[in-house]
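The structure appears right after this line, and notes come after that.
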Amino acid sequence: MLTNAPKGTKDILPNQVYKWHFLEKAFRDICTRYGFREIRTPIFEHTELFTRGVGDTTDIVEKQMYTFEDFAKRSLTLKPEGTSPAVRSFVEHKQYAEVQPTKYYYDIPCFRYEKPQSGRLREFHQFGIEIFGTSNMMADAEVICLADDFLRNLGIEDVELRINSIGCPSCRDIYRQALRDFLKPKYDDLCDTCKSRYERNPMRILDCKSEICQSLVQGAPVMLDYLDEECQVAFDELKANLEAMDVEYTVDPGIVRGLDYYTKTAFEFVSNKIGAQGTVCGGGRYDNLIEELGGPPIPGVGFGLGIERLLLTLEANGVAIPEPEGVEVFIAILGDNGKKFGLSLLRQLRREGLRAEVDLLARNFKGQFKYSDRLNARYTVMIGDNELEEGQITIKDMATSEQRRVDIRTIAEELVQLCKER
Ligand code: ATP
Ligand code: MG
């Protein structure tokens, strides 16, 4: 118990963390290029933010939230997603009074009580972006295009972009009724969860993971046939914008997304190489969420991209992330004087920006060489009484085993030079 991380969580060990650093930097860079700025919000929020924001007929609110009471009996929840907190902050700090649009990005842990499996964890991580303050379909295209660029630049080829429109509350109401009419004769065969969705939120049935429900919805009416004029125009504009930006897509009327707040645009980037949990990135438009959460009637659009699933996709595509560079100079030291000189040299080299190391376990000379080998050091220098007396220090190139003697007074410059040369 004590030595096991909680179910559904994962440590990220130093031999993996370089991949995270690489992706975090790539994401920050592309967001900056697209004019997004980072927002950081707390790990937990008032529970009501999510029950209202995400919607109480969603999986998240129905059964996945990590909710607890603090000592003052406030109900708090570890954030299961990033959009509601970003909206809360936008409203709290009256950012809508600034010049619009507001373009945020974030890199956050999310918490959902789910059945852990490949690509599904209880603590997972998301990159996300949001644009608040415009209903122009250029914003939707920009959000989608950023995700597309990000994934393609990483070298992923197999992800497919699927887009859909899930309409607005008024056309969706008509569609929902049509869907209920279609499902009515099949009602008794639906799973229990879907039975409860039938009245409250029948569109969620389309997204049910149960095979029986999946077969029952075959041939169901699709939202795209029910769009009102405004939603239809918006969807046509989105497609035209994506084409202008050279983003490839397929229209998939089956995409409904798991969160209640979406309107009009819904999209997913799906990999077919990582199994059932193939959605790497999902997002869409939410024109009523900001108002619903107590702000002015301001529209928004964004996405969430699962980092663990992104890593699985990279692996499945054979994309290798460059490994970090190792130690440049290892200083092997012997005796008290050697130590004194070695520590001073270590500090100088590090100040010059080199990755330099000594042995903190005081191994013997042979042990230090072995250790230097293990660290994959580029150069090893040996400093003992002999070297200090002679005023000459040996530098060994660990790859070629080539050795050379250097004047003790210039050893630091010499090493800096050598490391910069390569
Ligand atoms: P799913 O299809 O897995 O149920 P979702 O509709 O719940 O996804 P969103 O809430 O839109 O997903 O989250 C955006 C992205 O976050 C997903 O596309 C996925 O990459 C990732 N994600 C969601 N839930 C998990 C999880 N439990 N573990 C790992 N990644 C997740
Ligand atoms: Mg889910």
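No lab work stands behind these numbers, since they all come straight from the coordinates. A quick note: this is a predicted structure, and the numbers were derived from the prediction, not measured. Using ideal geometry, Cβ is built from the backbone for each residue, glycine included, and neighbour counts are taken over all protein chains shown.
How much of the DSSP beta bridge set in region 329-421 is antiparallel, as a percent to the nearest 5? Let's see the in-between values first.
Working: 9 of 17 bridges.
Taking every DSSP beta bridge within region 329-421, about 55 percent pair in antiparallel fashion.
Take the Cα of K7, step 7 Å toward its Cβ, do the same at A276, and the gap between the two points is 1.6 nm.
By average Cβ neighbour count within 10 Å, what is the ranking of 334-340, 262-268 from highest down?
Details: 334-340: 15.1, 262-268: 25.1.
Highest-to-lowest ranking by the protection proxy: 262-268, 334-340.
Our note on the geometry: Cα centres of region 350-422 and region 143-194, 60 Å apart.
For the chain, would you read off the P(r) tail past 32 Å as a percentage of all alpha carbon pairs? Intermediate results must be reported in sequence, preceding the final value.
Numbers: 44347 of 88831 pairs.
For the chain, the share of Cα pairs beyond 32 Å comes to 50 percent.
In the chain, the DSSP-assigned H stretches of four residues or longer account for a calculated mean residue ellipticity at 222 nm of -11500 deg cm²/dmol, using -39500 (n - 2.57) per stretch and the full residue count as denominator. Gain on full extension, evaluated as 0.36 nm per residue between S401 and A240 minus their Cα-Cα distance, stands at 51.8 nm. Looking at the chain, the DSSP beta bridges with both ends there are about 80 percent antiparallel.
Applying 1/(1 + (r/R0)^6) with R0 = 41 Å to the Cβ-Cβ distance of K339 and D29, what FRET efficiency is obtained, to the nearest 0.05? Before the final figure, lay out the partial values.
Details: r = 43 Å, r/R0 = 1.04.
So, using R0 = 41 Å, E works out to roughly 0.45.
Multiplying the residue separation of D192 and Q177 by 0.36 nm and removing their Cα-Cα distance gives an extension gain of 3.4 nm. Packing-based ranking of 358-364, 298-304 yields 298-304, 358-364, ordered from highest to lowest mean Cβ neighbour count within 10 Å.
Taking label positions 7 Å along the Cα-Cβ direction at both N15 and N364, the computed distance is 2.9 nm, reported to one decimal. Can you pull a Stokes-Einstein diffusion coefficient for region 68-157 at 25 °C (0.890 mPa s), Rh from Kirkwood over Cα pairs, as a whole number of µm²/s? After rounding, the answer is 156 µm²/s.
Calculate the spin-label point distance for E248 paired with Y96, positioning each point 7 Å from the Cα along the beta-carbon direction, and give it in nanometres. Distance between the two pseudo-spin positions: 4.0 nm. For the chain, a Gaussian network of Cα nodes joined below 10 Å ranks D246, D149, D373 by mean-square fluctuation, and the top entry is D373.
Amide H contacts under 5 Å for R355: E328, V329, restricted to partners 5 or more places along the chain or on a different chain, H placed in the peptide plane at 1.01 Å from N. Which residue, K184, K73, K25, tops the fluctuation ranking in a GNM of the chain built on C-alpha contacts under 10 Å? Taking springs between Cα atoms under 10 Å, the residue moving most is K73.
Sequentially through region 401-408, phi angles give Karplus couplings (6.51, -1.76, 1.60; θ = phi - 60°) of 6, 5, 10, 8, 9, 10, 4, 4 Hz, Gly and Pro residues having no value and appearing as x.
With springs only between Cα atoms under 10 Å apart, run a GNM on the chain and tell me which of I43, I60, I393 wobbles the most. Highest fluctuation among the options: I393.
Among M203, M223, which comes first, second and so on when ranked by fewest other beta-carbon atoms within 10 Å? Can you show the working numbers first?
On the way: M203 20, M223 25.
With the sparsest Cβ surroundings first, the list reads M203, M223.
So how much slack lies between I43 and F71, counting 0.36 nm per residue of separation and subtracting their Cα-Cα distance, in nm? Mind dumping the intermediate values first?
Working: separation 28, 0.36 × 28 = 10.08 nm, distance 1.74 nm.
Using 0.36 nm per residue and subtracting the Cα-Cα distance, I get 8.3 nm.
Just how far, in whole angstrom, is region 11-51 from region 70-130 if you go by their alpha carbon centroids? Region 70-130 and region 11-51 have Cα centres spaced 11 Å from each other. Take region 329-421, drop everything but the C-alpha atoms, weight them equally and run the Debye formula without solvent; then report log10 I(q)/I(0) at 0.11, 0.19, 0.24 Å⁻¹ to two decimals. Cα-only, vacuum Debye calculation for region 329-421: -0.25, -0.83, -1.42.
Among C171, C194, which comes first, then next, by fewest other beta-carbon atoms within 10 Å? Please report the intermediate quantities before stating the final value.
On the way: C171 20, C194 24.
Ascending Cβ contact count within 10 Å gives the list C171, C194.
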